[in-house]
């Protein structure tokens, strides 16, 4: 009997169409897998077995009745808990929202419902997406299925781990500084941050509005493309959403598998290597470059000198916007309330108890950076750096069609290892942050396992704004070349979890 | 309060003032969401995830509100920025759903304007406008228990219906040189803004409902010595009196603040730079938060919204829709219509200018139009407790009614009966005259018969008339009018009496 949890979303689509499997079977298989392994992985904060099966049954009935169905109808999905879901608890990883059941759907939630995809549940994350390890979740950390003592990345560790543990074939992520790509890198999965504005943010609980972008998480480039096309598109409810057609990601991914990359210029960002980069990470990165070269691509070195200031600028802009976005968690209209007699004391006590340390750290940083007399030096300067980074990218894209780097400087570190060292934690995102500051799309896909620790390494591809399809094409080409060498997808090499044995 | 008065304060000090006016726009929907923008609904029935600030929700700018703001800016002679931004003003308060207000800060859409205000004696004073910017209103807190204030209340309720209602805030430059006329100028300025937003039809302009709200800044500085330049004397410390929400209150608040500050200054005490609350009942102000401990609003550009970038073509198109300055229009109409100051003021106060203008446009003479609207119709409106606009009679009806009089078809008395019919919904004046049979008796033979009968009944009166006491004819006119149930033309009746009596009229 086929273990459907090992299939790709594309294979599930084909099997559903052929009548080889029902959506109920697919959904139940994943719910069973969650029941078996999630006690150890803790990828989910909320599981909606009943809702998912109801959707699955409806899809099966519709298919039996010969109805025309959307491409991904019946394929189950996991949703990061940052996305509001009507009637399903939404916490953004914070106890301040414990018990809150939203009265409305995010635009992306609505699109998933319209695509008739059973929603398995909500995945764990660092509180309000602040973190690179999920250790800042108010509900306990998620564990990396490759090594349960290690971090699954963050903030979207729950979504990435759910894929790596075969609890879901597809998941939704959000990426403010790498929260889709870094977890993908450390779990040997695929994660894409679309062009800013490519996917509606309406209903995604805001961290830093000018940086946040929702995107697809999957185990293959093609699967990510399938989900990207469901999520993307203009939304009148999001003023910053792009008013242009969704890029043809699926076609690009399929074409990429057969691609001859002759004439494609691949720019290696000089500044994203060297000091702080683990040798095995760099080794796998070089090998991937060799694969691309073998497919005909030309490898060029590009320099982005302003990247030196990216992390500093990011840690001014993000906390500034976050300090304002998180003000609404004041106990008046929703969420936790710690009664203390009057409204001022109640607000204060609720926030003191409801927010974790990392959230408080960033609220304080942001409040300070926006204060009168400091604004120009901090927020103002950071915006200037942002402009310089955009110029660096513009110049680099003159020389190359896509830019590449290792997604993260290291393989996943141990849970607890950096929890008391915020700066070391922040450094994990050094390669992913520039894309958010510039609004360009980025993808991470597996490049192998580091020889020294046998843990996943990631390869990042960045494309100019609006050129999301370009990275799907090149990503799919590299994925195919690597899979040919490995004899299948890297995810299949993940050690079977003790509990499931 | 002591013996210090506004007038005395003005003898010794030179006032500098500024006014912030908030205009609630009359768009169908709120500033950043699709909820209805209406006054008076049940609490928390006009709300959605956006104006409740629920997690994940995002604002989208109401284009109609932008249009209203630009038109107002153009009316105030402002420049319209090619690219302006919204900003977040951060502060915690339960009526502010997101705990930040979306406003405009360093890049308001409208800036650098000026507007003339006309005082009662016709003097024109020019007010400099620093900016007019868009923002959203907050919800409304109601404190339960105690005296209704927050102190002593057992708990508070919040109604978010008003949260997100579109506002335009107009900020003046510091206004100098008004001297003792400061209070008058301030009042005239707010009145002008109110009249203008009504003429632009971007707000209902109702101060009593909070659609137009004013904050008044005032400071005093010593009067310059003879030969010295008053403008070289530095400004004093100012107070900002919040929520002064009627024209009379504007004047009173300035009177009070000027006297209060003058008294402090003369006693050698400092004026504290602070916000103050206006108390309508006592006509006085009390301190609010002092500016020294005021919050830092941590403004930064609103990342959820794109810049406002109106095309030049659109701005020019909007410029062509700007109505005439209300005070200047009034001056023009006063001359064209031959109204006295009092006529004009009464018509303005009764909100009858548009009705009179429309009646004139429909063919009536201005004085006749005024007579109907300010007389019979004003009384009816008053009796029925409705506005003139709400009466079931149109300017065209009034013009038609007056036309019937001018043509001699009916007299004033019959006209009032015809109007009664119109107000009762019986149709147009012509229709009512026909259906009620109100036309004057213009058949001379019928009138002659009635006159002869009356004269025969009162021979002594006939004798008096023939004696030259022509005014005695009034008694006969009265008798004839009675006999014809008022449907005779009194002038014609009088002519016939005099003919019969053999005397010339």
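Over all distinct Cα pairs, what is the inverse of the mean 1/r for the stretch B:231-278, reported as the Kirkwood hydrodynamic radius in Å? With all distinct Cα pairs of the stretch B:231-278 included, I get 11.7 Å.
Under 15 Å from a label point set 7 Å out along the Cα-to-Cβ vector of residue A:287, the amide N atoms of the stretch A:442-472 belong to A:446-459.
Helix B:247-266 and the longest principal axis of the Cα set of chain B meet at an angle near 50°. Shielding of peptide A:365-374 by partners, expressed as the average count of other chain Cβ atoms within 10 Å per residue Cβ, is 3.
By the count of neighbouring beta-carbon atoms within 10 Å, fewest first, B:98, B:30 end up ordered B:98, B:30.
Anisotropy class assigned to the stretch B:143-182 is oblate, per the alpha carbon gyration tensor with a/c at or over the 1.5 cut-off and a/b no larger than b/c. Taking 7 Å steps out from each Cα toward its Cβ at residue A:71 and residue B:309 produces label points 3.2 nm apart. Highest mean packing first, where packing is the average number of other Cβ atoms within 10 Å per residue, the peptides B:362-375, A:12-25, A:196-209, B:341-354 line up as A:196-209, B:362-375, A:12-25, B:341-354.
Taking every DSSP helix (H) stretch of at least 4 residues in chain A, weighting each as -39,500 (n - 2.57) and dividing the sum by the residue count yields a mean residue ellipticity at 222 nm of -12000 deg cm²/dmol.
Among the residues of A:315-323, the average count of other protein chain beta-carbon atoms within 10 Å of the residue beta-carbon is 2. Per-residue mean of foreign Cβ neighbours for A:325-335 is 6 (Cβ atoms of other chains, 10 Å radius). Each of A:238, A:260 was scored by other Cβ atoms within 10 Å of its Cβ. Listed from fewest to most, they are A:260, A:238.
Computing FRET efficiency as 1/(1 + (r/R0)^6) for residue A:453 and residue A:20, where r is the C-beta to C-beta distance and R0 is 56 Å, gives about 0.90.
From the Kirkwood radius over Cα pairs of the protein assembly as shown, Stokes-Einstein at 37 °C and 0.692 mPa s returns a whole-number translational diffusion coefficient of 98 µm²/s. Round to a whole angstrom and tell me the spacing of the C-alpha centers of the stretch B:314-376 and the stretch A:6-28. Rounded to whole Å, the Cα centres lie 75 Å apart. Of interest is the spacing of the C-alpha centroids, which for the stretch B:193-217 and the stretch B:455-474 amounts to 62 Å. Multiplying each eigenvalue of the alpha-carbon gyration tensor of the stretch B:347-468 by 5 and taking the square root yields semi-axes of 35, 16, 14 Å, largest first, rounded to whole angstroms. The protection proxy used here, the mean number of other Cβ atoms lying within 10 Å of each residue, ranks peptides B:184-190, A:115-121, B:134-140 as follows, highest first: A:115-121, B:184-190, B:134-140. Taking the helices alone, chain B has a mean residue ellipticity at 222 nm of -11500 deg cm²/dmol, built from -39,500 (n - 2.57) per DSSP H run of at least 4 residues and averaged over all its residues.
Relative contact order of the stretch B:326-436, taken over Cα pairs closer than 8 Å and 6 or more residues apart, is 20 percent. Semi-axis lengths, largest first, of the ellipsoid equivalent to chain B are 58, 29, 22 Å, with √(5λ) applied to each eigenvalue of the Cα gyration tensor. Between residue A:301 and residue B:141, what FRET efficiency comes out of the Förster formula 1/(1 + (r/R0)^6) with R0 = 56 Å and r the beta carbon distance, rounded to 0.05? The pair residue B:141/residue A:301 has a calculated efficiency of 0.35. Dimensions of the stretch A:378-498 along the principal axes, based on C-alpha atoms and rounded to the nearest Å, stand at 51, 40, 20, largest first.
Going from the residue with the fewest nearby Cβ atoms within 10 Å to the one with the most, B:68, B:445 rank B:445, B:68. Length gained on full extension, residue B:112 to residue B:41, computed as 0.36 nm times the residue gap minus the Cα-Cα distance: 21.8 nm.
In this calculation the C-beta distance from residue B:475 to residue B:396 is compared with R0 = 35 Å, giving a FRET efficiency of 0.35. The length gained on full extension between residue B:120 and residue B:233, counted as 0.36 nm times the residue separation minus their Cα-Cα distance, comes to 37.7 nm. With the convex hull of its Cα atoms as the shape, chain A has an orientation-averaged projected area of 22.3 nm².
Here the Debye sum runs over all C-alpha atoms of the stretch A:211-316 as equal scatterers in vacuum, and log10 of I(q)/I(0) at q = 0.17, 0.21, 0.23 Å⁻¹ comes out as -1.18, -1.20, -1.17. Axis angle, to the nearest 10 degrees, between helix B:473-483 and the longest C-alpha principal axis of chain B: 90 degrees.
In percent, rounded to a whole number, the relative contact order of the stretch A:202-262 is 26, using alpha-carbon pairs under 8 Å and six or more apart. Normalising the average separation of contacting C-alpha pairs (under 8 angstrom, six or more residues apart) by the number of residues puts the relative contact order of the stretch B:50-142 at 28 percent.
Spin-label pair residue A:353-residue B:444: with each label point 7 Å from Cα along the Cα-Cβ axis, the two points sit 10.1 nm from one another.
Modelled spin-label separation between residue A:262 and residue A:377, with each label point placed 7 Å from Cα along the Cα-to-Cβ direction: 5.9 nm.
A short reminder: the numbers here are calculations on the coordinates, not readings from a lab. Please read all numbers here as calculations on a predicted model, not as lab measurements. Don't worry about glycine lacking a Cβ; one is built from the backbone with ideal geometry, like all the others, and counts go over all protein chains shown.
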